[in-house]
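Undergrad: Mind looking over this structure? Questions follow.
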Amino acid sequence: MNRSILAPSLLAGDHAHLASSAREVEDLKLEWLHVDIMDGHFVPNLTFGPETLAALRRRGIGLFFDTHLMLSEPHQYVEPFAKAGANLISIHIEPKYDHATTLARIRSLGCQAGIVLNPDTPASAIEPLLSQVDLVLVMTVQPGFGGQPFRVDMLSKLKEVSRWRSERKLNFRLEVDGGIDLSNASECRAAGADTFVAGTSFFKAADKRAYTDAFERL
Ligand code: DX5
Ligand code: ZN
């Protein structure tokens, strides 16, 4: 079983001081930062662009940028995000474009490649791509906004993807994103998840050290 990784989501950080929010994550000796990229089309919200990642790198942020593209045309943007400092780029299965070619392109740019499922998309939609990814992200809310309640009905989807992973002897990471807190993270862990995005519950935690330590024990 892969070790647990906590990936705080910059979306819940201070948008006037993004480098400070990223620094808080780094100071806790965490390795990953989840960066949500929204285009106002695929999801009804707007966030950051490649320049945000590049600017964080210029400020010396060395975290692993887990870059979640919520875009109608993600294939048009993988190169700018790779050049800006993304380490992993995840693309949604729902829009129509060449998913396999885009995943291969992400890897050829030197990044890890992830595929993402919205809550209403069945796991079967990504089954043919499983051997080509470093991470599968199962959304546990409808993407677009932080602070929404975790969807417990996603646990069965996690179990399904986790079962395929072991049956086929694959070793992609299995990530959850949306409404994650300490209690539902342990249920997700039991269902096979190993990578936990946390926006609100991380940035609002009164004692981030205690919160992070608890996650590491999952
Ligand atoms: C939602 C984003 C999430 C968001 C999670 O569309 O993909 O990464 O930041 O935020 P919380 O943890 O507050 O649900
Ligand atoms: Zn996300």
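Undergrad: Going through the range 209-218 one residue at a time, which ones are farther than 15 Å from TRP32 by Cβ and open to solvent by 30 Å² or more (accessible area, probe 1.4 Å)?
TA: ARG209, ALA210, ASP213, ARG217
Undergrad: Sticking with this one: Regarding the range 8-27, can at least one residue be identified that is out of contact with any Asp or Glu (no Cβ under 6 Å at 6 or more places or on another chain), open to solvent by 40 Å² or more (accessible area, probe 1.4 Å) and assigned to a strand (DSSP E or B)?
TA: The answer is no; no qualifying residue exists.
Undergrad: If you check GLY40 against the conditions, is it surrounded by 16 or more Cβ atoms within 10 Å (Cβ to Cβ) and within 16 Å of ligand 2 (Cβ to nearest atom)?
TA: no
Undergrad: Just checking, how many residues over the range 86-119 are open to solvent by less than 20 Å² (accessible area, probe 1.4 Å) and under 15 Å from PHE64 (Cα atoms)?
TA: Residues meeting the conditions: 7.
Undergrad: Return only the number of the condition from (1) open to solvent by less than 50 Å² (accessible area, probe 1.4 Å); (2) within 16 Å of ligand 1 (Cβ to nearest atom) that ASP181 does not satisfy.
TA: Result: ASP181 passes all but (1).
Undergrad: Identify the single condition in (1) among the charged types (D, E, K, R); (2) within 16 Å of ligand 2 (Cβ to nearest atom); (3) over 19 Å from GLU31 (Cβ atoms) that GLU175 does not satisfy, given that it satisfies every other one.
TA: Of everything listed in (1) among the charged types (D, E, K, R); (2) within 16 Å of ligand 2 (Cβ to nearest atom); (3) over 19 Å from GLU31 (Cβ atoms), GLU175 misses just condition (3).
Undergrad: Right, something else. Any idea how many residues of the range 120-140 are within 16 Å of ligand 1 (Cβ to nearest atom) and open to solvent by 10 Å² or more (accessible area, probe 1.4 Å)?
TA: Residues flagged as within 16 Å of ligand 1 (Cβ to nearest atom) and open to solvent by 10 Å² or more (accessible area, probe 1.4 Å) within the range 120-140 amount to 2.
Undergrad: So how many residues does the range 161-218 have that are of a type outside the set (A, V, I, L, M), touching a Phe, Trp or Tyr at 6+ places or on another chain (Cβ under 9 Å), assigned to a loop (DSSP other than H, G, I, E, B) and more than 19 Å from LEU88 (Cα to Cα)?
TA: Summing the residues that are of a type outside the set (A, V, I, L, M), touching a Phe, Trp or Tyr at 6+ places or on another chain (Cβ under 9 Å), assigned to a loop (DSSP other than H, G, I, E, B) and more than 19 Å from LEU88 (Cα to Cα) in the range 161-218 gives 2.
Undergrad: Taking SER124 as the residue in question, decide whether it is polar (S, T, N, Q), more than 16 Å from ligand 2 (Cβ to nearest atom) and at pLDDT 95 or above.
TA: It is true that SER124 is polar (S, T, N, Q), more than 16 Å from ligand 2 (Cβ to nearest atom) and at pLDDT 95 or above.
Undergrad: Would you check which residues across the range 184-204 are buried (at least 18 other Cβ atoms within 10 Å of the Cβ) and either among the aliphatic types (A, V, I, L, M) or farther than 15 Å from VAL25 by Cα (or both) and list them?
TA: Correct list: ASN184, ALA185, CYS188, ARG189, ALA191, GLY192, ALA193, ASP194, THR195, VAL197, ALA198.
Undergrad: Another one. I'd like the full set of residues that are at positive phi and open to solvent by 30 Å² or more (accessible area, probe 1.4 Å), limited to the range 153-178.
TA: Once the filter is applied, which keeps residues that are at positive phi and open to solvent by 30 Å² or more (accessible area, probe 1.4 Å), the range 153-178 yields only LYS169.
Undergrad: For GLU79, are the conditions met, namely being more than 22 Å from PHE196 (Cβ to Cβ) and either within 15 Å of ligand 2 (Cβ to nearest atom) or touching a Leu at 6+ places or on another chain (Cβ under 7 Å) (or both)?
TA: yes
Undergrad: Answer yes or no as to whether GLY49 is within 16 Å of ligand 2 (Cβ to nearest atom) and open to solvent by less than 40 Å² (accessible area, probe 1.4 Å).
TA: It is true that GLY49 is within 16 Å of ligand 2 (Cβ to nearest atom) and open to solvent by less than 40 Å² (accessible area, probe 1.4 Å).
Undergrad: A further question follows. What number of residues in the range 75-108 are assigned to a helix (DSSP H, G or I) and under 23 Å from LEU18 (Cα atoms)?
TA: Number of matching residues: 7.
The values are calculated or read from the model by the stated rules, or taken from the named source; none is laboratory data. Everything numeric here is computed off the predicted structure, so don't read it as measured data. Every residue, glycine among them, receives a Cβ derived from its backbone with ideal geometry; neighbour counts consider all protein chains shown. SASA here: full protein model, heavy atoms, side chains in, ligands and nucleic acids out. Shrake-Rupley method; radii C 1.70, N 1.55, O 1.52, S 1.80 Å.
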